[in-house]
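Comments concern the structure below.
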Amino acid sequence: MNKLFVTAFFALTLFAAAPSYGHGDHAAPPISESAVLEQSVKDLAVIVHEKEKVEEQVLDESWKEAPKPYIEQRGEGFYVVGFKHPTQSKTVYLLMADSGEYYAANFTGKFSGIAN
């Protein structure tokens with residue numbers, strides 16, 4: 001009887017601890033609007049440095065000289081940040097999470113999956 005009690009106790013302990021190993025929502029908490037803008041400057045520099053394509057176009061070094069970024073749109077959980085080119089009449093837009101994570105870039109500011 002004692003062995004049965006000990007075995008049942010350990011089994012219950014394992015089942016009670018199992019939920020603590022589950023994965024919940026690990027999303028980073030939102031950061032301030034100014035922090036998102038600061039992060040977007042860093043992300044644009046990485047895009048330029050790594051020669052990542054934006055709509056099949058590689059951004060040249062002149063994009064690093066773009067004036068201060070601005071919030072084009074803000075929605076639940078995201079920002080669309082705009083960078084106007086310093087000499088061309090072109091703007092690149094970065095889709096950023098409100099936690100500061102970079103998602104995508106384009107020249108229209110319209111991103112699928114978000115209300116524009």
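Since every read-out is calculated from the coordinates, none of them should be taken as a lab result. Quick caveat: nothing in here was measured; it's all calculated off a predicted structure. Glycine also receives a Cβ, built like all others from the backbone with ideal geometry; neighbour counts cover every protein chain displayed.
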Item to check | Val46 paired with Asp60, simple spin-label distance in nm, labels 7 Å along Cα-to-beta-carbon | outcome: 2.5
Checklist outcome for this item: Ranked on Cβ counts within 10 Å of their own Cβ, fewest leading, Ser89, Ser99 go Ser89, Ser99
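What's the extension gain from Tyr103 to Lys53 if we count 0.36 nm per residue and subtract their Cα-Cα distance? Before the final figure, lay out the partial values.
Working: separation 50, 0.36 × 50 = 18.00 nm, distance 1.35 nm.
Length difference between fully extended and current span is 16.7 nm.
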Item to check | J(HN,Hα) series, segment 85-93, from Karplus relation 6.51 cos²θ - 1.76 cosθ + 1.60, nearest Hz, glycine and proline x | outcome: 5, x, 10, 9, 8, 9, 10, 9, 10
Next on the checklist: Just to check I understand the Karplus step: with θ = phi - 60° and J = 6.51 cos²θ - 1.76 cosθ + 1.60, what whole-Hz values come out for segment 47-63, glycine and proline as x?
Outcome noted: 4, 5, 4, 7, 6, 6, 7, 10, 6, 6, 10, 7, 7, 7, 4, 4, 5
